[in-house]
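Reviewing the structure listed below.
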Amino acid sequence: TESTTPKDEL
Amino acid sequence: MNIFRFFGDLSHLASIFILIHKITTTRSCRGISFKTQALYVTVFVTRYLDLFTSYVSLYNTVMKIFFIASSCYILYLMRVRYRPTNDPSIDTFRLEYLVGPCVVLALIFNYGYNPTELLWSFSIFLESVAILPQLFMLQRTGEAETITTHYLAALGAYRALYIPNWIYRYFSEGYVDPISVTAGLVQTGLYLDFFYVYFTKVLQGQKFELPA
């Protein structure tokens with residue numbers, strides 16, 4: 001499953 | 001990364017160290033809601049599943065592992081090591097009132113219908129209300145140990161600091177994450193009453209007491 005938004009926050 | 005997010009994360013780290021310090025030095029978890037702490041474990045585990053699928057940075061990975069490990073450790077302290085000091089009779093907030101709506105919200109508002117995105121969205125919504133059992137408990141007892149209020153202040157400051165971070169990211173990168181922003185505003189809003197008493201009483205050297 002490809003993430004649609006960058007999840008760089010905690 | 002910008003200073004708002006960095007100090008937000010530091011504040012989050014500080015809150016956890018304050019809580020562990022409070023429990024281990026007083027040898028008591030009195031005044032701490034087990035339900036809220038259990039919700040945080042749920043939040044971290046559901047959000048950081050991507051530890052196994054995507055790599056952002058060493059900072060990101062280390063923080064994620066720390067948040068999962070420390071929240072589990074706090075549950076251990078409350079449930080095993082200092083169990084006699086944990087009083088479930090005042091920790092009465094109904095968890096289904098929080099978890100249920102968060103499941104529904106995640107199914108409506110998400111960035112993709114796959115398990116990772118749905119769980120991420122669920123964790124964001126759940127985090128925004130996870131403090132409610134703790135605040136409810138505070139409301140019921142009407143007072144709190146000073147160290148507990150420092151814990152809550154640091155925890156509240158963490159998400160509050162993410163707000164200027166989102167504003168900054170909007171102007172510098174055009175980055176917008178409406179789910180995080182909405183939930184973050186709600187989360188910070190829930191602390192406003194607490195912050196008012198914290199700033200006007202605790203930081204003036206008085207005990208945290210709510211008006212009868």
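Computed from the coordinates by the stated procedures, all read-outs in this text should not be read as laboratory data. This is a predicted model, so every value here is computed, not measured. Cβ: placed from backbone, ideal geometry, glycine included. Neighbour counts: every protein chain shown.
Taking the Cα centre as origin and putting +1 on Lys and Arg beta-carbons and -1 on Asp and Glu beta-carbons, what dipole magnitude results for the protein assembly as shown, to the nearest 20 debye?
Values: 17 positive and 16 negative charges, 148 e Å.
Here the size comes out at about 720 debye.
Quick one: check the C-alpha center-to-center distance for the range B:1-63 versus the range B:95-141, whole angstrom.
If you average the Cα positions of each part, the centres end up 16 Å apart.
Taking amide H atoms as placed 1.01 Å from N in the peptide plane, list the residues 5 or more away in sequence, or in a different chain, whose amide H sits under 5 Å from that of residue B:144.
For residue B:144, the qualifying residues are B:208.
Can you find, among B:195, B:161, B:146, the residue sitting farthest towards the positive end of the charge dipole of the protein assembly as shown, where Lys and Arg contribute +1 and Asp and Glu -1 at Cβ?
Positive-end residue among those listed: B:146.
Using 0.36 nm per residue, how much length does the chain from residue B:200 to residue B:62 gain when fully extended, once their Cα-Cα distance is taken away?
Between residue B:200 and residue B:62, full extension yields 46.1 nm more.
Tell me the volume per residue, in Å³, of the convex hull enclosing the alpha carbons of the protein assembly as shown.
Measuring per residue, one finds 127 Å³ for the Cα hull of the protein assembly as shown.
Apply 1/(1 + (r/R0)^6) to the Cβ-Cβ distance of residue B:212 and residue B:28, taking R0 = 22 Å, and write down the FRET efficiency to the nearest 0.05.
With a Förster radius of 22 Å, E is 0.30.
Against the globular-protein guess of 2.2 N^0.38 Å, express the Cα radius of gyration of the range B:117-212 as a ratio, rounded to two decimals.
After normalising by residue count via 2.2 N^0.38 Å, the value is 1.23.
How big is the range B:60-100 on each of its three principal axes, counting only the C-alpha atoms and giving the largest first in Å?
So the extents along the principal axes, rounded to whole Å, are 37, 30, 10.
Mind checking B:162-171 for the average number of partner chain beta-carbons within 10 Å of each residue's beta-carbon?
If you average over the peptide's residues, the count of other-chain Cβ atoms is 1.
Along Cα→Cβ, 7 Å out, is where each label goes; now give me the distance between the ones at residue B:175 and residue B:52 in nm to one decimal.
So the two model labels end up 2.6 nm from each other.
Roughly how big is the range B:84-169's charge dipole about its Cα centre, with Cβ charges of +1 (Lys, Arg) and -1 (Asp, Glu), in debye to the nearest 20?
It comes to approximately 280 debye.
So if R0 is 22 Å, what FRET efficiency would residue B:167 and residue B:109 give, r being the distance between their Cβ atoms, rounded to the nearest 0.05?
The computed FRET efficiency comes out at 0.60.
Normalised by the number of residues in chain B, what is the relative contact order in percent for Cα pairs under 8 Å and 6+ residues apart?
Worked out over chain B, it gives 31 percent.
Counting Lys and Arg as +1 and Asp and Glu as -1, each charge on the Cβ, what is the dipole of the range B:1-148 about the Cα centre in debye, to the nearest 20? All intermediate terms of the calculation are to be shown ahead of the outcome.
On the way: 12 positive and 9 negative charges, 83 e Å.
Here the range B:1-148 has a charge dipole of around 400 debye.
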